[in-house]
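Contents: one structure, followed by commentary.
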Amino acid sequence: MSDPIEWLEPDALGGFAMGGADGIRTRRYHALLLAALQPPDRRMVLVADVEVYAITEAGRFALSSHRYRGNVIHPDGVHHLRAFAGAPWPRWTYVLPDHTQITCELVVEPGAPRVALRWIRGNSQAAGAGSGPLALEVRPLLAVRDYHSLRREGAIDLTPELAGNHVTWHPDGLAIHAHANATYAHAPTWYRRFDYSAERARGLDHEEDLAMPGVFTFDLAATSAPAWLGFSTSPWPEPPAELFEREAKRRKPIALHERAADAYLVARGDGRTIIAGYPWFSDWGRDTFISLRGLCLVRDRREIAREILLAWAPLVSGGMLPNRFHEQSSAPEYNSVDAALWYVIAIGAYRAHGDVSAADDRVLAAAVDQIVTDYAKGTRHRIAADTDGLLACGVPGLQLTWMDAKIGDDVVTPRIGKPVEIQALWLNALAIAGGREALLARGRASFAERFWDDERHQLYDVIDCDHVAGKLDPSCRPNQLFAIGGLPLQLLDGDRARAVVDTCERCLWTPVGPRSLASTDPRYRGRYVGDASQRDHTYHNGPVWPWLAGAFVEAWLRVRGSGDAVKREAHDRFVAPLRARAVGGHLAEIYEGDIPHHAAGAPMQAWSVAELIRLEHLTR
């Protein structure tokens, strides 16, 4: 069974349109108009879908389908679907029983919460193909809710304001503007008990009711122009049909994988930020700075990188940077030990990719200095440099590293003490900051002495576990790779470095990246299934995380040399299979550890795409 195909049309503000190739929504996040009212936050599902019927001389036929309670599919539009294409935008081709062909297309405007749809009558060559009268009936289905929640039937204002080809509704105090070359008949009602199978599989609420305000009727006679319909949070300045023409010109010279990378670069205030993944992630600190090298610097988007780095500098607090912002209040949440360290890595990479103005460098240098100074002396959550020069961190009940699954008060992988990748980040940050040579030297010596696991020919995942001196965690995880690859300063070399890479390749590597835990470990979980609790227990105990391929492949290259032949081998063995799994240029957040490595988690993830781009650059 292959992974379901999902498409994404982002608006560069944090909003998007998204759905499945077959047109059946399976997630609460699948929608036509999902707008970020305070970019990139306060995301609302306004228009969830449309129900479409074509009326010909042969009868009335559906061009859409939905799943309802009991796994009932209605209407039967999916049975008339003959083809789907995702580029240059989503496009569905339907063929009716009388051979009438109709193509539906959808495009989102970059920089505005607007989505346009159009339906085009095709020139079917089949015998008996319909060429007579053809009308379309389109019924909008409104949700008007936070994108994490679900709508239930209840009081909602669907009173229309009519002005020519414009219809505006004001449900729940918001505005939804529709613009169509159609007639509109007001006929408000509710469509009940939609069932979202992906949410059901995760053990979450999965039923929703949607409000239908009225019906748009289009004439698609053989000689008529396409039918078009647009939805927006503000009045349309032009017919939605013109958006297709403008986007066709803009997208033509842009490769698919480049457009996929751009999907994660969105507005925050007057600057830019990076969305961690679609459809349910916002901009997370850790993910932003891991992704910045591949999404911005490798792709010559230095100005965007500059905006991001400068925007985050004032947010340093006690040496820490927010891991995320509350999506309604935008309040920062300081619960990550590594977000600030990855920020320092990103600044180092930004400096290495070109000149930096003196004014900018003062701001960035001050932020770096505050981070390493406060981390060295001690800050929140028992983050502090120890006498051995290494960085200790962690308190019970709080997840500080990227392995951050938490169920209630239960942290699945607490990793309290001195996690291996945190040391690699810390020592790299000291090197980038400069002026702390003694602390750096002491930390490097301690790392080389204390992290080597001679029995397993690898590095310990955590030492001084739970802040108990000498307590060790020998789990075979990919975190150890950052001591060799993925960061500018290599902490391990020679035979030990080669042994670590070989162990990770043997025990962790798959065609989509390294597993988060060796399959021989009794805690290993190869399938990502069950309810939210079961999945969170699995999250970092077996699934493959493609973003870690960056550290692995770079480590693999460093222990073998970086000649052209070695680069070609790395590309063919590791990078090409990863690119082959991309859908529409995107890679998922995780893949199952067991063959055939089904995609799971968020279907489009920034750091997965970013590290693939960085690897393609490294292995040229």
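The values are calculated or read from the model by the stated rules, or taken from the named source; none is laboratory data. Everything numeric in this text was worked out from a predicted model, so none of it was measured. Cβ: placed from backbone, ideal geometry, glycine included. Neighbour counts: every protein chain shown. Ligands, DNA and RNA are stripped out before the accessible areas are found, and what is left, the full protein with its side chains, is counted by its heavy atoms. Shrake-Rupley method; radii C 1.70, N 1.55, O 1.52, S 1.80 Å.
Quick notes on this one:
- For the chain, size of Cβ-based charge dipole, Lys and Arg +1, Asp and Glu -1, in debye: 700
- Cα pair count fraction exceeding 17 Å, expressed as % - the range 464-565: 57
- Where labels lie 7 Å past Cα in the beta-carbon direction, separation of HIS617 and ASP157 in nm: 5.0
- Residue separation of ARG579 and ALA445 scaled by 0.36 nm, minus their Cα-Cα distance, works out to 44.4 nm of gained length.
- In loop segments of the range 195-288 as defined by DSSP, there are no chymotrypsin sites (Phe, Trp or Tyr not before Pro) with at most 11 further C-beta atoms inside 10 Å of their C-beta.
- The range 318-373, Cα convex hull volume normalised per residue, Å³: 95
- Percent accessible area from carbon and sulfur atoms, the chain, protein chains only, probe 1.4 Å: 51
- Only one residue of TYR147, VAL500, VAL78 has its Cα farthest out toward the positive end of the dipole of the chain, where Lys and Arg carry +1 and Asp and Glu -1 on Cβ, and that residue is VAL500.
- Per-bin percent of Cα-Cα distances, the range 501-620 [5 Å]: 2, 13, 23, 23, 19, 12, 6, 2, 1, 0
- The calculated pair-distance distribution of the range 255-303 uses every alpha carbon pair, bins of 5 angstrom beginning at 0, and gives 5, 21, 30, 30, 12, 2 percent.
- For the range 429-492, the direction-averaged projected area of the alpha-carbon convex hull comes to 4.8 nm².
- 22 Å tail of the calculated P(r), the range 300-409, as % of Cα pairs: 38
- Cα-only Debye scattering, the range 402-456: base-10 log of I(q)/I(0) at q = 0.15, 0.24, 0.25, 0.27 Å⁻¹: -0.58, -0.94, -0.98, -1.05
- Kirkwood-type hydrodynamic radius, the range 51-94: 11.6 Å, calculated from all non-identical alpha-carbon pairs.
- Centroid-to-centroid separation of the range 1-80 and the range 244-266 [C-alpha atoms, Å]: 21
- Counted over the chain with a bin width of 20 Å, the fraction of Cα pairs per bin, in whole percents, is 19, 49, 26, 6, 0.
- Cleavage-rule hits (trypsin sites (Lys or Arg not before Pro)) in the range 137-186: DSSP loop, at most 10 neighbouring Cβ within 10 angstrom: none
- For the range 219-343, average projected area of the Cα convex hull in nm²: 10.8
- LYS471 sits with roughly 90 Å² accessible to a 1.4 Å probe, with DNA, RNA and ligands left out of the calculation.
- Top positive-direction residue, dipole computed over the range 499-605 with Cβ charges, set SER533, GLY563, VAL583: GLY563
- Split the chain at each of the GluC sites (Glu not before Pro) in a DSSP loop with at most 11 other beta carbon atoms within 10 Å, and the longest piece is 58-454.
- Residue (of THR26, LEU37, VAL50) at the positive-pole extreme of the range 4-60, dipole from beta-carbon charges: LEU37
- Mean residue ellipticity, 222 nm, helices only, the chain: the sum of -39500 (n - 2.57) across DSSP H runs of n ≥ 4, divided by residue count and rounded to 500, is -7500 deg cm²/dmol.
- At q = 0.17, 0.22 Å⁻¹, base-10 log of I(q)/I(0) for the range 144-276 (Debye sum, equal scatterers on each alpha carbon): -1.21, -1.21
- With the biggest extent put first, the Cα atoms of the range 32-72 measure 48, 28, 9 Å across the principal axes.
- The range 35-137: proportion of alpha-carbon pairs further apart than 15 angstrom, %: 68
- Taking the three principal axes of the alpha carbon atoms in the range 272-337, the coordinate ranges are 31, 29, 20 Å, sorted in descending order.
- With all protein chains kept in place, the per residue accessible area of the chain amounts to 37 square angstrom at a probe of 1.4 angstrom.
- Measuring max minus min along each principal axis, the C-alpha atoms of the range 378-533 give extents of 50, 37, 27 Å (largest first).
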